[in-house]
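K.L.:
Quick one: the structure is below, questions incoming.
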Amino acid sequence: MTQEQDIRRHTIALLVENKPGVMARIAGLFSSKDYNIHSLSVGETMDPSVSRMTIVTSGHPLVLEQIVKQLRRLIDVIKVVDLTATGEKFVDREMVLLKVNAKGEARAEAMRITDIFRGKIVDVSPETFVIEITGDEGKIQAAIELLKPCGIRELVRTGKVAVMRGPKSLKLA
Amino acid sequence: MAKLKGYQIFWECLLKEGVDLIFGYPGGAVINLYDEMVNYPQIRHILTRHEQGAIHAADGYARSTGRPGVAIVTSGPGATNTVTGIATAYMDSSPLVVFTGQVPTALIGNDAFQEADIVGITRPCTKHNFLVKSTQELARIIREAFYIATTGRPGPVLVDMPKDVIVGEAEFEYPEKVHIRGYHPSTRGHPQQVRKAAQLIAKAKRPLIYAGGGIIISSAHKELRGLAELTHTPVSLTLMGLGGFPGDHPLFLGMLGMHGTYVANMAITHCDLIIAIGARFDDRVTGKLDAFAPKARDERAGGLGIVHVDVDPTSISKNVEVNVPIVGDAKNILSQMLEVLKTMDVDWEGQHSGWLAQLKEWDSQHPLQYSYSEKVIKPQYVIEKLYEVTQGEAIVTTEVGQNQMWAALFYRYKRPRQFITSGGLGTMGFGFPAAIGAQLGNPDALVIDIAGDGSFQMNIQELATVVQYNIPVKVVILNNGYLGMVRQWQELFFDRKYSQTDISVQPDFVKVAEAYGIKGYRLEDPKDVEPLLKSLVKMKEAVIVDVVVDREECVFPMVPAGAAVSNMLLDKPTTEKNGEELKRLLPLNFPS
């Protein structure tokens with residue numbers, strides 16, 4: 001009962017081996033243990049043998065603790081930091097690409113909203129715009145809400161990436 | 001540096017790892033390995049009759065010796081047949097290295113003949129697995145596989161080798177050291193945590209040690225005994241922990257949990273401190289979680305909580321929140337703890353005498369018992385007599401179900417690695433091949449598989465293996481013609497509706513033995529049991545004893561699934577009132 005009530009959302013940063021099958025191990029862990037996964041993004045680091053992953057998940061504090069431990073247990077996972085749990089401040093960003101209707105009144109409205117969110121129109125056609133907006137979750141969500149009346153034909157989100165503020169950083173050892 | 005073929009590198013690596021025994025089954029993808037094997041007479045290969053048998057045998061070898069079990073099978077069905085065995089080893093933290101053949105790298109993903117994505121299939125049931133991409137990396141991967149399988153919390157590791165990797169060529173260099181940047185198992189406990197634990201132990205009035213398979217894996221049995229004896233603390237073991245503390249020790253309460261003893265389950269319910277060591281609070285141990293160890297977990301009532309020693313951080317606070325977690329190897333941590341405890345000025349005996357007296361009283365109220373019959377053989381009687389005639393010295397493997405629980409309760413294990421059973425996964429068909437592995441790892445020991453008629457038939461084909469290699473295991477079948485444990489549930493909780501559990505249509509096991517060229521006996525009269533078992537332990541060859549037992553005997557005590565462990569059924573409900581009582585015990589989410 002208490003487990004259902006106290007659900008928190010955490011952002012976890014990982015350094016993992018950059019080799020085939022690692023994503024499958026991590027995705028498999030989340031599915032086999034029935035953990036939530038809100039977003040997952042991954043990319044190479046300065047060291048091409050290492051990838052950095054950002055996972056946004058949610059659960060009871062005990063479950064979140066388990067998630068971190070279970071991730072650490074994977075041999076191909078080199079380092080895990082629950083950014084939310086550290087209490088340190090961190091910057092997180094997500095990018096969204098939206099294909100919106102851009103005919104008639106919607107054309108000017110879409111441009112205005114893009115401007116307000118300091119987004120970019122990266123593709124233009126007589127009928128549509130492709131808009132790129134970067135920001136934290138709240139900003140992305142707000143932009144989507146405001147663009148809805150224009151008519152969103154397609155929406156792609158990258159998932160969150162995050163990094164700690166200040167000089168602290170996630171290192172291999 | 002000399003260039004070697006992949007199949008040569010493979011065997012060279014096994015030699016470097018000190019492997020002298022492997023289990024396997026050949027096929028197309030590994031035929032070159034088998035071809036090369038004849039040049040490595042130092043390594044003995046046991047050809048089982050099914051790949052599942054090979055894995056369980058390797059597992060039995062590993063559990064009985066503490067050394068990694070090694071198996072080799074071909075691609076596709078050879079590989080998929082290992083999955084149950086691998087999952088069995090994974091659940092019980094048994095070190096295995098399983099080598100599978102694979103179709104050539106160029107054909108992977110092509111639905112080639114005998115292709116299966118065994119790395120994908122076994123990802124959730126191995127500690128780690130590898131697909132070897134080039135002959136170059138074969139030696140390093142084999143080195144890492146053995147290292148990962150045997151260190152930290154041990155477990156099975158699978159190495160998938162495509163045929164072109166096996167026949168390819170590379171310079172052979174066996175890495176001296178292993179460096180895996182994402183794998184650093186901790187060994188010693190944090191001194192501050194150890195001190196904290198010691199302080200709680202010194203404070204406790206009603207402490208209980210709850211120890212599991214970790215004691216056996218880390219060979220911490222002497223330290224465990226030291227801790228119990230120094231502090232006058234009673235010990236209860238999990239199924240996997242049996243043998244980790246002497247079964248006849250005055251501080252031993254028996255197994256706890258679903259089929260635990262009355263005194264052990266009362267102890268965990270009433271203790272004020274749990275010292276959990278190498279155990280993982282499995283649902284079969286805790287029963288209903290909310291009602292588990294209520295006194296220890298209630299701080300307001302003076303509960304001191306739970307100290308948990310485990311090498312695997314994920315085992316800690318997984319099911320039950322722990323107050324003092326200590327991550328590391330049980331043997332190290334217990335000796336650290338003993339050092340601290342020895343410096344403390346505590347009258348252990350005086351402090352715990354009331355508690356020990358209470359436990360004694362509970363035990364005498366409801367000791368482990370069964371009713372003997374002169375007409376029909378009681379399965380418990382068979383185990384009791386086996387214990388007597390073997391003087392408690394045999395290595396016992398079990399199948400899964402009633403036979404397993406009776407073997408756990410009525411045979412008292414003296415030392416680690418003496419009781420070998422599939423605890424976590426509960427794999428029927430495990431015991432017989434595991435006995436083969438245990439016998440090969442302990443050639444001079446008396447190895448007995450305590451079997452059920454259902455389980456034994458699940459890997460009965462390994463009789464040929466036993467005959468081919470003269471492996472003198474003894475199979476004692478407690479034959480009730482039922483899938484006994486399921487039938488027991490049906491009797492108790494499903495109005496005796498024995499749906500699909502009657503397996504009395506079965507082979508004549510004596511004739512089966514004879515068909516394979518070994519001896520078989522059938523026992524039907526209680527008075528024949530002891531004399532036959534006495535001669536059995538002296539026989540130098542494999543034997544099957546088919547013991548026809550009371551068909552409807554049940555395992556007691558029993559905690560209904562999902563109920564609190566203090567709610568034990570101690571006998572069959574014989575009256576209406578008992579039946580009502582039973583219904584009251586059953587939780588809503590039953591069965592689970």
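The values are calculated or read from the model by the stated rules, or taken from the named source; none is laboratory data. Just so we're clear, the structure is a prediction, and the values are computed from it rather than from any experiment. Glycine gets a Cβ as well: all are built from the backbone with ideal geometry, and neighbour counts include every protein chain shown.
K.L.:
In region B:521-544, how many are within 21 Å of B:Pro443 (Cα to Cα) and surrounded by 15 or more Cβ atoms within 10 Å (Cβ to Cβ)?
P.N.:
6
K.L.:
Restricting attention to region B:144-157, does a residue exist that is in the same structural domain as B:Gly53 (by TED's automatic domain parsing), surrounded by 21 or more Cβ atoms within 10 Å (Cβ to Cβ) and assigned to a strand (DSSP E or B)?
P.N.:
Looking for residues that are in the same structural domain as B:Gly53 (by TED's automatic domain parsing), surrounded by 21 or more Cβ atoms within 10 Å (Cβ to Cβ) and assigned to a strand (DSSP E or B), one finds at least one in region B:144-157, hence yes.
K.L.:
A further question follows. Any residue in region A:127-153 that's basic (Lys, Arg): show its pairings with residues that are at pLDDT 95 or above at Cβ separation under 7 Å, as long as the two are six or more apart or on different chains.
P.N.:
So the pair list comes out as A:Lys139/A:Phe117; A:Arg153/A:Lys99; A:Arg153/A:Val100; A:Arg153/A:Asn101; A:Arg153/A:Thr128.
K.L.:
Which ones in region B:287-304 are surrounded by fewer than 18 Cβ atoms within 10 Å (Cβ to Cβ), within 23 Å of B:Ala561 (Cβ to Cβ) and in contact with a strand residue (DSSP E or B) (Cβ under 9 Å, 6 or more places away or on another chain)?
P.N.:
Within region B:287-304, B:Asp290, B:Ala291, B:Pro294 meet the criteria.
K.L.:
To continue, here is another question. All but one of (1) more than 14 Å from chain A (Cβ to nearest Cβ); (2) at pLDDT below 95; (3) touching a strand residue (DSSP E or B) at 6+ places or on another chain (Cβ under 9 Å) hold for B:Pro313; state the number of the condition that does not hold.
P.N.:
(1)
K.L.:
Please go through region B:110-136 and give me each residue that is surrounded by fewer than 21 Cβ atoms within 10 Å (Cβ to Cβ), in a loop (DSSP other than H, G, I, E, B) and within 12 Å of another protein chain (Cβ to nearest Cβ), ordered by number.
P.N.:
If the condition is that a residue be surrounded by fewer than 21 Cβ atoms within 10 Å (Cβ to Cβ), in a loop (DSSP other than H, G, I, E, B) and within 12 Å of another protein chain (Cβ to nearest Cβ), then B:Asp117, B:Lys133 are the ones that fit.
K.L.:
For region A:97-120, does any single residue satisfy the condition of being at pLDDT 95 or above, closer than 30 Å to A:Leu15 by Cβ and more than 14 Å from every other protein chain (Cβ to nearest Cβ)?
P.N.:
Looking through region A:97-120, at least one residue is at pLDDT 95 or above, closer than 30 Å to A:Leu15 by Cβ and more than 14 Å from every other protein chain (Cβ to nearest Cβ).
K.L.:
Kindly indicate the residue of region A:28-43 that is exposed (fewer than 14 other Cβ atoms within 10 Å of the Cβ) and either among the small types (Gly, Ala, Ser) or assigned to a helix (DSSP H, G or I) (or both) and also farthest from the chain's Cα centre (by Cα) among those meeting that condition.
P.N.:
Filtering region A:28-43 for residues that are exposed (fewer than 14 other Cβ atoms within 10 Å of the Cβ) and either among the small types (Gly, Ala, Ser) or assigned to a helix (DSSP H, G or I) (or both), the one farthest from the chain's Cα centre (by Cα) comes out as A:Ser32.
K.L.:
How do the pairs read when you match residues in region B:77-103 that are outside the structural domain of B:Ser422 (by TED's automatic domain parsing) and more than 28 Å from B:Asp310 (Cβ to Cβ) with residues anywhere that are buried (at least 24 other Cβ atoms within 10 Å of the Cβ) and of a type in the set (Asp, Glu), using Cβ under 6 Å and keeping only pairs 6 or more apart or on different chains?
P.N.:
From region B:77-103, the pairs are B:Gly78/B:Glu51; B:Asn81/B:Glu51; B:Thr100/B:Asp160; B:Gln102/B:Asp160.
K.L.:
From the list B:Glu12, B:Glu36, which residue is out of contact with any helix residue (DSSP H, G or I) (no Cβ under 7 Å at 6 or more places or on another chain), surrounded by fewer than 24 Cβ atoms within 10 Å (Cβ to Cβ), assigned by TED's automatic domain parsing to the domain that holds B:Leu158 and modelled with pLDDT of 95 or more?
P.N.:
Just a single option satisfies the conditions, and that option is B:Glu12.
K.L.:
Need the failing condition index for A:Glu65 against (1) under 30 Å from B:Gly155 (Cβ atoms); (2) more than 12 Å from chain B (Cβ to nearest Cβ), just the number.
P.N.:
(2) is the only condition that A:Glu65 fails.
K.L.:
Residues in region B:485-520 that are more than 20 Å from B:Val475 (Cβ to Cβ) and either surrounded by 14 or more Cβ atoms within 10 Å (Cβ to Cβ) or in contact (Cβ under 8 Å) with a residue 40 or more places away in the chain (or both): how many?
P.N.:
The number of residues fulfilling the criteria is 10.
K.L.:
Return only the number of the condition from (1) away from every other protein chain (no Cβ under 14 Å); (2) at positive phi that B:Ser93 does not satisfy.
P.N.:
Among (1) away from every other protein chain (no Cβ under 14 Å); (2) at positive phi, B:Ser93 violates only (1).
K.L.:
Does B:Val309 qualify as being farther than 27 Å from B:Met266 by Cα and touching a residue at least 60 places away in the same chain (Cβ under 8 Å)?
P.N.:
Judged against the criteria, B:Val309 is not a match.
K.L.:
How about region A:88-140: which of its residues are in contact with a Lys or Arg (Cβ under 9 Å, 6 or more places away or on another chain), of a type in the set (D, E, K, R) and over 30 Å from A:Met164 (Cα atoms)?
P.N.:
Once the filter is applied, which keeps residues that are in contact with a Lys or Arg (Cβ under 9 Å, 6 or more places away or on another chain), of a type in the set (D, E, K, R) and over 30 Å from A:Met164 (Cα atoms), region A:88-140 yields A:Lys99, A:Asp123, A:Glu127.
K.L.:
Taking the condition of being within 31 Å of the chain's Cα centre (by Cα) and part of a loop (DSSP other than H, G, I, E, B), how many residues in region B:159-202 meet it?
P.N.:
Adding up the residues that qualify gives 14.
K.L.:
In region A:57-162, which strands (runs of 3 or more DSSP E) lie fully inside it and hold 3 or more residues that are of a type outside the set (A, V, I, L, M)?
P.N.:
A:90-101, A:128-135, A:152-157
K.L.:
Still on this structure: Among the residues that make up region A:7-19, is at least one of them free of Cβ contacts under 8 Å to residues at least 24 places away in the same chain, surrounded by 12 or more Cβ atoms within 10 Å (Cβ to Cβ), away from chain B (no Cβ under 14 Å) and more than 20 Å from B:Thr126 (Cα to Cα)?
P.N.:
no
K.L.:
Restricting to strands (runs of 3 or more DSSP E) lying wholly in region B:389-501: which have 2 or more residues that are among the hydrophobic types (A, V, I, L, M, F, W, C) and under 30 Å from B:Arg225 (Cβ atoms)?
P.N.:
B:395-398, B:447-452
K.L.:
Going residue by residue through region B:243-253, is there one that turns out to be farther than 20 Å from B:Leu409 by Cα, acidic (Asp, Glu) and touching a residue at least 60 places away in the same chain (Cβ under 8 Å)?
P.N.:
no
K.L.:
Name the helices (runs of 4 or more DSSP H) wholly within region B:2-81 that hold at least 2 residues that are out of contact with any Gly (no Cβ under 9 Å at 6 or more places or on another chain)?
P.N.:
B:6-16, B:31-37
K.L.:
Something else now. Here's a check for you: in region B:408-430, which residue that is without any contact (Cβ under 8 Å) to a residue 60 or more places away in the chain and under 19 Å from B:Asp59 (Cα atoms) is surrounded by the most Cβ atoms within 10 Å (Cβ to Cβ)?
P.N.:
The residue in question is B:Met428.
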